[in-house]
Structures are given as structure tokens and as C-alpha cells.
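Written below as C-alpha cells is the structure these notes are about.
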Amino acid sequence: MRVCYFGPFDPNYPRNRVVIKGLRKNNIDVVECNSHSFNRFLDYVKLLKKHQTLKYDVILLGARGTYFGQPLVPLLRGITRKPIVFDAVLTLTETMVVDTKLVKEGSARAKLLYFLDCNALRNASLVLSDTYAHAIYYSQLCNVDYRKFRRVLIGSDDEVFYPRVEEKGSDCFLVMFWGGFNPLQGVKFIIRAAKLLENYKDIKFQLRGFGQTYFEALELSKSLGTKNIEFVPTWIPYYELPNHIAKADVCLGIFGETEKAHRVIPNKAAETLAMKKTLITGSSPATREIFEDGKHCALVPMANPKALAEKILTLKENKKLKDKMAENGFRLFKEKLSPKAVGKELKLILMDLVEKSK
């Protein structure tokens, strides 16, 4: 079977790396039809031209990096008879309107984004989602039959993120967060948890990344007078990030109070488990799909600084429990979240789709 991985996708975006590598690890022939630049219109023209010369059994629109693939789905419907799979890791409506609120609900732009989302979901032969929770949401959002969706979990590239030993440089218990500072991350709750732990002088927090809520988070930290947080807003090259994670004792996931926070398993969760580190993240329908609290990681109520602070303290004082969770989490990663595991699941989905389309 040959899969055409199509779109102006960023090949270094984690979802794309894992899916392409995972399919190839499962002996699937993947041909990449990609044009990635700052001119989206020209990218579309180049892609459609390249597409004319390709032979494949199924076409898969790659996940976002710096673009969303919704407009391409109906275009492909008009030029190919092959099954079209849309990887709906993110939708425009949920990201721009519901979660970040960068687009006002009910505005003309919001209505356009909703149209693009629904048109893509309805024109695809099959839609991939990262969690069942997201599949239910997408299905209800656009009134699309839930049976059209298949879950393909978020994974991590195990040739980049893997267990390693890194000198910490101090004896402190390091709690690390990295990622975009957007609402679903719930960074403000991490800061408030740090404040609750300020009397424990050997517990230090490191927050790496930048985004929509960064300055709000910085201002909150200053207003609370927190002394145990280090903000690192500089961009870290993808291949260097694991060296920093390796110094952490505990890694943090997401804790936001937004709707989307309850539907997503973040990349950082898979990356943490891949490095055999202990994960603390918010308990949600999405995380409970694959994680068992106290076994694979520690799950705490969303938007609850007190619960987060208590869990950090518990793991600091119980190294045996912390290490056991890290070991079990690593085992779960290899079983379900490694590229090979993700690719195996997707291979079965695509083979079934191709067979039914004959």
C-alpha cells in the first residue's frame, strides 16, 4: 500500500514526524507531496501540480505546522477518486474561537472558520482525531457521523526523545514545564502552585516557552512575589529540548480551565513518557483514555493549584513512587505512543479504508 502524505505541512511538526516515521516502520510506502513556504496560495498551486504525477492508494492530509489543511480537502475531492483522510488534530473553530478566543464568536471570520472546518470533515472519507473526546466534539460541532472518525494517538519521536542522564548542576527538585503559553496550558495555575511551595527551598520550577499568555503569567508571578520560578522564553531547537528535560525530576502537562484542555493529550505528555520522566497533568476525559492515575502518571484536577502543589510534594517525598510511575509511563509509551505503535494502528485503519473503497 502506498500513502500520499499531502499538504504544505511542516515535516518537523511532531505529529507529522511520528505518523510518517511510524508508517514507514510498519513497511508502508509513504510518498511526501509537500510544498512548505510563507506563500500559501503558491504552495497550493505547486501541490496540485505535483499531485498529477503521483500514484497512491490513499491520500492523507498532514497535520498543521504553520497551516491548517481544511481548504484542501474539498479540492482533493474534486481531483482524486482515492480515499481522502484528514488528520484533524486541530480545528480552526476550536483553536481560534473556542480556546484562544483570538477570533470573536459569531463574527464573520468565525463563521468562515466554521465553514472550512465542517466542509473538510464532511468531504473527507475518514477523519483522524487524537482522542475519542475530540472525535465526539468534532462530530457534534459539524453534525458529522461519529463512525467516520478514528483515533490515532499523539506520539513522540523516540529517536529524539529517549531516556538519558544529564547533570543537573544543583541538588534542587526541578519541576519543568515547556510549551506554548496558551489558555489550555493553564500556566497561571502552575505559578500559583509554585507560590504554595515557596517554603520548600529545594523545589524549583522552570517554565520554558512563549505564547499568548506569557506576559500575563509573568505579571502574575511578579504580583505574587514568587522566587522559585525561572522563566525561559527563548526558543529551544527541537533536538536540544530533551537535554533540558533530562535534568527535570518531574515534568508538567496541561492544567487549563478551557473546554479544549479536557479534549487533548499534549505532545509534552508523550515526550515526558518517552524520556522515562514522571508526568503530572490535568485529569480529563482525554487523559483518562490512556493514563491510569498513580500508575502511568499523576493526574490532578484541572485548574487546581493546591492539588498540583500537593502532588509535586508527594512525588518529591516518595522517590519510589515517582520512579515507578516513570517506569510504567515509559512502558506505556513503547506500547501505544512510539512511532512504531502509532504507525501500526494507523496502518490497520488505512488498509481497512482502502479495502472498503475498492
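Remarks
- Segment Lys334-Asn27, length gained on full extension (0.36 nm per residue, minus Cα span): 108.7 nm
- Scanning the chain for GluC sites (Glu not before Pro) that sit in a DSSP loop and have at most 16 other Cβ atoms within 10 Å, the longest stretch containing none of them is 1-104.
- Direction-averaged projected area, Cα convex hull, the chain: 17.6 nm², rounded to one decimal.
- Overall dimensions of region 173-337, expressed as equivalent-ellipsoid semi-axes from the Cα gyration tensor (√(5λ), whole Å, largest first), are 22, 17, 16.
- Alpha-carbon Debye profile of region 85-239, log10 I(q)/I(0) at 0.09, 0.14, 0.19 Å⁻¹: -0.44, -0.90, -1.15
- Once the mean of 1/r is taken over each pair of separate Cα atoms and inverted, region 110-181 shows a Kirkwood hydrodynamic radius of 15.8 Å.
- Each of Glu105 and Glu317 was given a label point 7 Å from its Cα along the Cα-to-Cβ line. The distance between the two points is 4.2 nm.
- Taking the longest Cα principal axis of the chain as reference, the axis of helix 214-224 is set at about 20 degrees.
- Under a 5 Å amide H cut-off, with hydrogens placed 1.01 Å from N, Val30 pairs with Val3 among residues at least 5 apart or on other chains.
- Among Val342, Val31, Ile190 - extreme Cα towards positive end, dipole of the chain, charges at beta-carbon: Val31
- A quarter of the convex hull surface defined by the alpha-carbon atoms of region 1-52 gives 3.6 nm² as the mean projection.
- By the Cβ distance rule of under 4.7 Å, the chain has these cysteines without a partner: Cys4, Cys33, Cys172, Cys251, Cys297.
- The charge dipole of the chain, taken about its Cα centre with unit charges on the Cβ atoms of Lys, Arg (+1), Asp and Glu (-1) only, comes to about 740 debye.
- The largest-to-smallest principal axis extents of the Cα set in region 34-138 are 41, 31, 21 Å.
- Coil-residue trypsin sites (Lys or Arg not before Pro) of region 60-116, DSSP, other Cβ within 10 Å capped at 11: Arg81, Lys104
- Net charge dipole size for region 173-337 [Lys, Arg +1 and Asp, Glu -1 on Cβ; Debye, nearest 20]: 300 debye
Values in this text are rule-based calculations from the coordinates and carry no lab data. Keep in mind that this is a model prediction, so the values were computed, not measured. Here Cβ is always computed from backbone atoms with ideal geometry, including for glycine, and neighbour counts include all displayed protein chains.
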